[in-house]
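Written out below as structure tokens is the structure these notes cover.
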Amino acid sequence: MKTAARAARPSVGTLSAVTPELVAPRLSKLTHDQPADAAAAPERDGDERRMREMLDAILDEMPFELRSVFVLHEFEGMTRVEIAKMLVIPAGTIASRLRRAHIVFKSRLGALNR
């Protein structure tokens, strides 16, 4: 039974080609399609714009394998199991990538705030 399940999984090379296509639309929607609040104060708009630019800069620098897991978990609210099923990779790999993504995010955020 395990052999049949493994045979149905794409190879690592196939995953690297398919993963961006699965995740890219979600990443783009989250990082670029936020509606502007017409009634917002100008200072708040400026602060939000700076925060968005910082977030975009951090995410743009993050390797795709980490960024995709980070965004799906932190912004889409998907569980590790859901992400693992979507990307067809082990949940342990998702946990590892998510841990590394948090380290990268905190490190780069700290560097931007200096």
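The values are calculated or read from the model by the stated rules, or taken from the named source; none is laboratory data. Fair warning: this is a prediction, and the values are worked out from it, not measured in the lab. All Cβ positions, glycine included, derive from the backbone under ideal geometry; neighbour counts span all protein chains shown.
Inspect the range 72-85 for any residue being under 11 Å from the mean Cα position of the chain (by Cα), of a type in the set (Asp, Glu), assigned to a helix (DSSP H, G or I) and modelled with pLDDT under 95 and give the result as yes or no. Yes, that holds for at least one residue. Out of everything in the range 37-51 that is surrounded by 10 or more Cβ atoms within 10 Å (Cβ to Cβ) and at pLDDT below 75, what residue ends up being farthest from the chain's Cα centre (by Cα)? Out of the qualifying residues, it is Ala40. Testing Arg108 on (1) under 14 Å from Leu59 (Cα atoms); (2) in contact with a Leu (Cβ under 8 Å, 6 or more places away or on another chain), one condition comes back false. Which one is that? That leaves (2) as the condition not met. Which residues, taken from the range 86-113, are small (Gly, Ala, Ser) and either within 15 Å of Val71 (Cα to Cα) or within 12 Å of the chain's Cα centre (by Cα) (or both)? Listed by number, the residues that qualify are Ala95, Ser96, Ala101. Annotation: of all residues in the range 52-64 being assigned to a helix (DSSP H, G or I) and touching a residue at least 40 places away in the same chain (Cβ under 8 Å), the one that is farthest from the chain's Cα centre (by Cα) is Met54.
So how many residues does the range 77-94 have that are surrounded by 15 or more Cβ atoms within 10 Å (Cβ to Cβ), free of Cβ contacts under 8 Å to residues at least 60 places away in the same chain and not polar (S, T, N, Q)?
Within the range 77-94, residues that are surrounded by 15 or more Cβ atoms within 10 Å (Cβ to Cβ), free of Cβ contacts under 8 Å to residues at least 60 places away in the same chain and not polar (S, T, N, Q) number 6.
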